[in-house]
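Asker: Handing you a structure now.
Taken together, the values in this text are just the output of simple stated rules run on the coordinates, not laboratory data. Just so you know, these numbers come straight off a predicted model, no measurement behind them. With ideal geometry, Cβ positions are generated from the backbone for all residues, glycine too; neighbour counts draw on all protein chains shown.
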DNA sequence: CTATCTGTTATATCATCCATATAACAGATA
DNA sequence: TATCTGTTATATGGATGATATAACAGATAG
């Protein structure tokens, strides 16, 4: 699963977990339909409490990154409501760009940073997202 | 000062304060050298505790947005270390772009969002940032 | 049916953080 | 001296994060 937690970080453990799984989806390291480890298994693997993992899964479920099947457990299932995504990302982007503008970074600087990070994600091992991959269990 | 706090938000009050001041700087509503209200005054204005305002000012000071002069109080003074800014913004941008990519937003979508927000900031009342305006007190 | 796996829920405890309150201190200013 | 500034100290109530123990319902393999 390759999850690395920084216990000295001021960022909550469950939040770090969420971020790493989202990062894993973005770099296609986790594919649509792929089953996540059970809360107990993952908790044991990285040496944290079961409820901390459960909280991360619950948040990821609410935010539309995973779903739960009684039979298989939690699996990757990304909701792609374009308008909702733009609204949510835009909200977070607003404060980030305010910081950038205070530091005299112009829009070209930001475009370059976006491209750099997108290059990084697309170059990740096993990364060819074709906007498909639906095999939801029924 | 035009500060609006959402008391039902899950975002900390001092954090909302920081964000609004940073937003104010980005839209040139607050200029370099401009004096901020005293912690007691601003606390009374928006109906919160003095220490909450003090915490916001302390954070803004640490992050290089304001400085403090014994005689005048806190005033806007933005540190623009380009490399440090790129490093810090980039770190926050990484998780945000991961979310965007999961939702099938491509780099052109992000460029458009960046431009839209930058337009918004540049069109703000009294916004012509000429990267100058240094009148530090001595 | 039994044993074992899955997520989920209910408590409880401890530490940390947020916001509040009261109080005081040092420097600057009129 | 009186009044403003930021700053510090201490305390309290509430919320959150992480832990722990325990139990429950659904699914599955034996």
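Asker: How big, on average over all directions, is the shadow cast by the Cα convex hull of chain B, in nm²? The partial results should precede the final answer.
Answerer: On the way: hull surface 40.1 nm².
Taking the Cα atoms of chain B, their convex hull projects to 10.0 nm² on average.
Asker: Also: Can you compute the helix-only [θ] at 222 nm over chain A? Use -39500 (n - 2.57) per DSSP H run of at least 4 residues, normalise by all residues, nearest 500 deg cm²/dmol. Don't skip to the answer; put the middle values down first.
Answerer: Details: 5 runs with 72 residues, N = 138.
So the helix-based figure for chain A works out to -17000 deg cm²/dmol.
Asker: Eigenvalues of the Cα gyration tensor times 5, then square-rooted: what semi-axes does that give for the protein assembly as shown, in whole angstrom, largest first?
Answerer: Numbers: eigenvalues 301, 101, 52 Å².
After diagonalising the Cα gyration tensor, the semi-axes are 39, 22, 16 Å.
Asker: Averaged over B:108-118, how many beta carbons belonging to a partner chain fall within 10 Å of each residue's beta carbon?
Answerer: Working: counts 1, 5, 10, 5, 1, 8, 11, 3, 4, 11, 6.
The shielding value for this peptide is 6.
Asker: Follow-up question, since we're still on this one. Tell me the distances, shortest first, between residue B:44 and the same position across the other copies, using label points 7 Å along Cα→Cβ, in nm to one decimal.
Answerer: Label point to label point, same position, other copies: 6.2 nm.
Asker: For the rotation bringing B onto A, which B residue has its Cβ nearest the axis, and at how many Å?
Answerer: Its Cβ sits closest to the axis: B:111, 3.
Asker: Hey, another quick one. So what are the radius of gyration and Dmax for the Cα set of the range A:82-122, in Å?
Answerer: Rg then Dmax for the range A:82-122, in Å: 11.6, 30.
Asker: Related question: Just to confirm the numbers: residue A:119, label point 7 angstrom along the Cα-Cβ line, distances to the other copies in nm, shortest first?
Answerer: Copy-to-copy label distances for residue A:119: 2.8 nm.
Asker: Stokes-Einstein diffusion coefficient for the range B:9-58 at 4 °C in a medium of 1.567 mPa s, Rh from the Kirkwood formula over Cα pairs: what value in µm²/s? List each step's numbers first, then the result.
Answerer: Working: Rh = 11.3 Å.
Answer from the Stokes-Einstein relation: 114 µm²/s.
Asker: I would also like to ask the following. Take every Cα pair under 8 Å in chain B that's 6+ residues apart, average their separations, divide by the length, and report that relative contact order as a whole percent. Intermediate results must be reported in sequence, preceding the final value.
Answerer: Values: 115 pairs, mean separation 39.8, N = 138.
Answer for chain B is 29 percent.
Asker: Related question: Calculate the spin-label point distance for residue A:94 paired with residue B:94, positioning each point 7 Å from the Cα along the beta-carbon direction, and give it in nanometres.
Answerer: 2.7
Asker: Zone of residue A:15 (label point 7 Å along Cα→Cβ, backbone N under 14 Å): which residues in the range B:1-41?
Answerer: Residues B:10-16 qualify, since their backbone N sits under 14 Å from the label point.
Asker: In nm to one decimal, list the spacings between the residue B:106 label point and its equivalents in the other copies, with label points set 7 Å along Cα to Cβ, shortest first.
Answerer: Shortest to longest, the spacings are 2.7 nm.
Asker: Another question, if that's okay. Using the alpha-carbon centroid of each, what span in Å lies between the range B:1-46 and the range A:13-66?
Answerer: 35
Asker: Averaged over peptide A:16-22, how many Cβ atoms belonging to another chain are found within 10 Å of each residue's Cβ? Walk me through the intermediate numbers first.
Answerer: Working: counts 0, 0, 1, 4, 2, 2, 6.
Partner Cβ neighbours, averaged per residue: 2.
Asker: Separation between the residue A:68 and residue B:59 pseudo-spin-labels, each 7 Å from Cα along Cα→Cβ, expressed in nm?
Answerer: Each label point lies 7 Å from its Cα, and together they span 3.2 nm.
Asker: Taking each residue of B:77-88 in turn, how many C-beta atoms of other protein chains fall within 10 Å of its C-beta, and what is the average?
Answerer: Per-residue shielding by partner chains comes out at 3.
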